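Worksheet for the structure shown next.
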DNA sequence: CTAGGGTTAG
């Protein structure tokens, strides 16, 4: 009876209900609302004991409430619900529906929904109703196959349920979930009744297949649009990397659409983070703080992520600290650990992880990716090994291929190339191109030419079109002065259809984005920009900067044509543009789609000194904070 | 006493 204080609220009121003296409220509400107030499995079990001893479990209504609590609350357990359900003598259709729904939510248990459904129609000869079909189609769309879906659909037709708008929508959703949007559309077209939901499901279906053109087409044709319709499109834009479009639509939504909600803002913040749109991100933060939107864990995580990706890691950490009370879930923790990690602040990441343990928040696989990356950036090999091993032994999280990739990167970067290769051969899954790429990168850093050549060949066979890796291989050849072989690989890259992504950097000035490609001359200020660039290069040279023309070794991803040369690399254009158009001392934030090349890195260090500016560059993988001639990455990236 | 739509992190 150690938990007696916990149980008392349930007991008191429920017993009141059993007493002949009824309170001022309809008595049946009370025990239900108190069951609702259960806050832990302990309390649920106590409620269970009580329901058994009072015989209340025999009431279908009460039993159903109890099952729902078990199946749908965050601390509940479907297994427990199933056991309770199995002990109910004659469960009615209602209870069966609840169990079908309970199993439909998790993709690993969806087949149980089907088993229960079969027992309903075969064993019990009950006639399923529209609720049954809604839950079942959900289960099918989640993880079951076409076969089951069709069976259920035929059954729905048989019992005359196929024209109920809820059932039709669930059916459309099932096809959309499978990625069969055209099938979904056929259902939509021949449905006798449709509503806003039907449209939203179709828009979501096209977004799910990445077909933004179609999604927009449907969005435009909608008779009415609600916050979900808008949010779906915005999220879709973010998913396919059209961040500017996402922000544009968000602005339009603010002008003519419904009020955004927390879902909308999560997507918008992701767009801001990717664009390094700090001003707009701040605006969202203010919007939330004004009380327009209720803050939740996801939103907090998105804010932290946005600030971190906009280079404001200190502020990101402050937002996390202020977010007390919203730290039960893993998301804000992952966001702040990931932020520290990408800014090379390994110690801080580890501190947060320790704090997380103290507050008893369970890490997940993303937490460990962030932690391993943090160790990698801080050269903390032993710590990294420790975290990697603790995943399975302490937290029951089996390492996935990404985690192995982090380990290869960590070990390789630190020079443990043999151990890194052993990790690859001991992995339970087949290594992918990213894994070999990490090892190849390590070979380049540590100038292990033999291994590099061997790995490079494996990689090239695996994915001949992976330009980055081919470039790496070519660099390894040229670094060991094997010019002919280097030339062959380079020519192959050319022949392979020039799939190389051009370097592209952008900068936000007063909420407007300016993008620069390599050697870009399309910007209206081009003339001044190139004049400024010349002047800048001269100043840098006076300060001691030496262009690293011949250094193909460090020229990892940036294999632009020789004649466009280093001085026109996109980040130099963007930085110069930033210097021209902002007041002295203003920090300059650049985002680049590829990795920074060695020469630009060197030049930026000088720029930060010569112009006395803080320059924050986000490349494809991590951040570089340049200040007074020094970069936060300590020249290791 | 049951229903339907959409999120984050590498």
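The values are calculated or read from the model by the stated rules, or taken from the named source; none is laboratory data. What you see is a predicted model, and the numbers here were worked out from it, not measured in a lab. Cβ: placed from backbone, ideal geometry, glycine included. Neighbour counts: every protein chain shown.
Let me confirm something: among A:275, A:269, which residue is under 21 Å from residue A:510 (Cα atoms) and buried (at least 24 other Cβ atoms within 10 Å of the Cβ)? Every option except A:269 fails the conditions. Please find, within segment A:581-637, the residue that is modelled with the lowest pLDDT out of those that are within 19 Å of residue A:541 (Cα to Cα) and in a loop (DSSP other than H, G, I, E, B). So the residue we want is A:597. Checking each residue of segment A:243-256 against the condition of being outside any helix (DSSP H, G or I), touching a strand residue (DSSP E or B) at 6+ places or on another chain (Cβ under 8 Å) and more than 14 Å from DNA strand B (Cβ to nearest atom) gives no match. Answer with yes or no whether residue A:502 is touching a residue at least 12 places away in the same chain (Cβ under 8 Å), surrounded by fewer than 18 Cβ atoms within 10 Å (Cβ to Cβ) and more than 26 Å from the chain's Cα centre (by Cα). So residue A:502 fails the test. Of the numbered criteria (1) closer than 28 Å to residue A:157 by Cα; (2) modelled with pLDDT under 95; (3) surrounded by fewer than 21 Cβ atoms within 10 Å (Cβ to Cβ), the one residue A:248 fails is (1). Out of A:434, A:486, A:420, A:438, one residue alone is surrounded by fewer than 21 Cβ atoms within 10 Å (Cβ to Cβ) and within 30 Å of residue A:347 (Cα to Cα). It is A:434. Those helices (runs of 4 or more DSSP H) of segment A:332-423 in which at least 3 residues are in contact with a helix residue (DSSP H, G or I) (Cβ under 9 Å, 6 or more places away or on another chain), within 11 Å of DNA strand B (Cβ to nearest atom) and within 28 Å of residue A:315 (Cα to Cα), considering only elements entirely within it, cover A:365-377. Could you go through segment A:174-181 and let me know if any residue there is within 9 Å of DNA strand B (Cβ to nearest atom), part of a helix (DSSP H, G or I) and buried (at least 18 other Cβ atoms within 10 Å of the Cβ). Within segment A:174-181, one or more residues are within 9 Å of DNA strand B (Cβ to nearest atom), part of a helix (DSSP H, G or I) and buried (at least 18 other Cβ atoms within 10 Å of the Cβ).
Residues that are more than 22 Å from residue A:147 (Cα to Cα) and in a loop (DSSP other than H, G, I, E, B): does segment A:101-113 have at least one? Scanning segment A:101-113 turns up no residue that is more than 22 Å from residue A:147 (Cα to Cα) and in a loop (DSSP other than H, G, I, E, B).
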